[in-house]
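K.L.:
Take this structure, written in structure tokens, and hold onto it; I'll ask about it next.
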Amino acid sequence: MQATAAIVIFVCAYVLIASEKVHRTAVALGGAGLMLLLHITDARGAFFSSESGIDWNVIFLLLGMMVIVSVLRRTGVFEYVAIWAAKRARGRPYRLMVMLVVLTAGASALLDNVTTVLLVAPVTFLVCERLALAPEPYLIAEVMASNIGGTATLVGDPPNIIIASRGGLSFNDFLVHLAPLVVVLMVVFCVMCRWLFRSAFRYDPDLAAEVMELEEREAITDRRLLAQGLAVLAVVIAAFVLHPVLHYEPSVVALLGAGLLVAATKVTTEEALSEVEWPTLVFFAGLFVMVGGLVETGVIGEISRAAADATDGRLGVAAMLLLWASAGLSAIVDNIPYVATMSPIVSDLVQQHPGTEGHVLWWALALGADLGGNATAVGASANVVVLGIAARNGTPISFWRFTRYGIVVTLVTVALATPYLWLRYL
């Protein structure tokens, strides 16, 4: 009975989010409230469970990085990067998109993809304003690139950290097994951008000429604050990369960096917190509680086990089913709780195969979850963050506008991952 109620609440909430008739934060809070009211989950499960509750690591990682970005924004560094990128692209819209997309994907391999889009989005708004371009296509392309690029490394996407922990995999394992495919996917994605967003590439030679005359160094307004901010950001990034050695959660690193930056500069706490995307953070909290209800009642576990049973011990079938099922489910459920739920089942399947032969299942899970996150506006954390930033800046991106591009990108990238896994491992 509770499982049925959990499914009904989640489906209704998802429909309301997709319809955009009610603000997604209100829907997430309402759905979470119903889960608690009907005892589908309780306070302990919602707020303190590492498996079915709010993922505070994600919430506090976002909060810490939003504060750091808020401080950096006051230095003019984003204006500097925007002018630099526009000049290197010579004002050509498609060339600019490719530059921003490649930059985002590369950064997402070293940082987590949420942090990357938090840093790139302000640059995008500024450069699009300079060239009188609509920022929405660039933001959509960037967040998709961040999800693709983040697939390449252990620290690039939060699900990869869960997979590495459960599977005993190293940073180099992800680099060797997934990075080559990610390079191919990024080349294909850049080509796809030319077709997907073709209506957005309107070149204005006069505006381009004006941009070429700008001096990016003049955009920096506070060099001392910039030096302090970049120093803290560099330490935070280094700690992210060294996570396998230091064993500090990214959320802890981000909060410490944010606290240090506010304490060491003249920026007040009120100023630092003024640009935090609070509705986005609350939306995540509500979404985690709703998904936790599905976990608590065994809905996600039953779906996962049914998929595992369907393979009947055949490694090739298991890998392909896991790849496509993960992509499909990650489009609906945020890929972090999905991977957290699925990883114990995959671990059991891997142990049924000798040596490292079964590791293909980990790569199938990672590729399916990370690439499937591009399919819808709520499929990955980075998607939700970018939609929140876009709405805050007066250029909202609808659920369906994102999704109609995302489904195409997901189908193509997962289709390319299929022969890669089959030919290399099976």
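K.L.:
Of all residues in segment 128-175, which are over 25 Å from ALA86 (Cα atoms) and either modelled with pLDDT of 95 or more or acidic (Asp, Glu) (or both)?
P.N.:
ASP157, ASP173 - these are the residues of segment 128-175 that are over 25 Å from ALA86 (Cα atoms) and either modelled with pLDDT of 95 or more or acidic (Asp, Glu) (or both).
K.L.:
Still on this structure, I have one more. Mind listing just one residue for me: the one in segment 195-244 that is outside any helix (DSSP H, G or I) and under 30 Å from VAL262 (Cβ atoms) and, of those, least open to solvent (accessible area, probe 1.4 Å)?
P.N.:
Step by step, filter segment 195-244, then rank; the result is ILE220.
K.L.:
Would you confirm whether any residue within segment 106-116 is farther than 30 Å from ILE300 by Cα and surrounded by fewer than 21 Cβ atoms within 10 Å (Cβ to Cβ)?
P.N.:
There is at least one residue in segment 106-116 that is farther than 30 Å from ILE300 by Cα and surrounded by fewer than 21 Cβ atoms within 10 Å (Cβ to Cβ).
K.L.:
Right, another one. Restricting to segment 84-104, what's the tally of residues that are in contact with a helix residue (DSSP H, G or I) (Cβ under 8 Å, 6 or more places away or on another chain) and open to solvent by 10 Å² or more (accessible area, probe 1.4 Å)?
P.N.:
The total comes to 10.
K.L.:
Kindly evaluate THR297 against the criterion of being open to solvent by less than 20 Å² (accessible area, probe 1.4 Å), among the β-branched types (Val, Ile, Thr) and either at pLDDT below 80 or at negative phi (or both).
P.N.:
No: the conditions fail for THR297.
K.L.:
From the list LEU416, LEU421, exactly one residue is at pLDDT 90 or above, over 29 Å from PHE283 (Cα atoms), surrounded by 18 or more Cβ atoms within 10 Å (Cβ to Cβ) and not acidic (Asp, Glu). Which is it?
P.N.:
LEU421
K.L.:
Hey, ALA390 hits all of (1) among the hydrophobic types (A, V, I, L, M, F, W, C); (2) in a helix (DSSP H, G or I); (3) within 18 Å of ALA306 (Cβ to Cβ); (4) within 18 Å of the chain's Cα centre (by Cα) but one; which does it fall short on?
P.N.:
(3)
K.L.:
Can you confirm whether segment 364-373 contains a residue that is free of Cβ contacts under 8 Å to residues at least 12 places away in the same chain and either within 22 Å of the chain's Cα centre (by Cα) or part of a helix (DSSP H, G or I) (or both)?
P.N.:
Within segment 364-373, none of the residues are free of Cβ contacts under 8 Å to residues at least 12 places away in the same chain and either within 22 Å of the chain's Cα centre (by Cα) or part of a helix (DSSP H, G or I) (or both).
K.L.:
Moving on. Can you find even one residue in segment 122-132 that is touching a residue at least 12 places away in the same chain (Cβ under 8 Å) and on the phi > 0 side of the Ramachandran plot?
P.N.:
So far as segment 122-132 goes, yes, one or more of its residues are touching a residue at least 12 places away in the same chain (Cβ under 8 Å) and on the phi > 0 side of the Ramachandran plot.
K.L.:
While we're looking at this one, here's another question. Exactly one of these conditions fails for LYS21: (1) part of a helix (DSSP H, G or I); (2) open to solvent by 50 Å² or more (accessible area, probe 1.4 Å). Give me its number.
P.N.:
If we test LYS21 against (1) part of a helix (DSSP H, G or I); (2) open to solvent by 50 Å² or more (accessible area, probe 1.4 Å), just (1) comes out false.
K.L.:
Keeping to segment 275-294, report how many residues are open to solvent by 60 Å² or more (accessible area, probe 1.4 Å) and not hydrophobic (A, V, I, L, M, F, W, C).
P.N.:
Number of matching residues: 1.
K.L.:
In segment 364-372, is there at least one residue being open to solvent by less than 30 Å² (accessible area, probe 1.4 Å) and over 28 Å from ALA28 (Cβ atoms)?
P.N.:
Among the residues of segment 364-372, at least one is open to solvent by less than 30 Å² (accessible area, probe 1.4 Å) and over 28 Å from ALA28 (Cβ atoms), which makes the answer yes.
The values are calculated or read from the model by the stated rules, or taken from the named source; none is laboratory data. Values in this document were obtained by computation on a predicted structure and should not be read as measured data. Because the Cβ atoms are built from the backbone with ideal geometry, glycine has one as well, and the counts that use them run over all protein chains shown. Just so you know, the surface numbers come from the protein's heavy atoms only, side chains and all, with ligands and any DNA or RNA stripped out. Shrake-Rupley method; radii C 1.70, N 1.55, O 1.52, S 1.80 Å.
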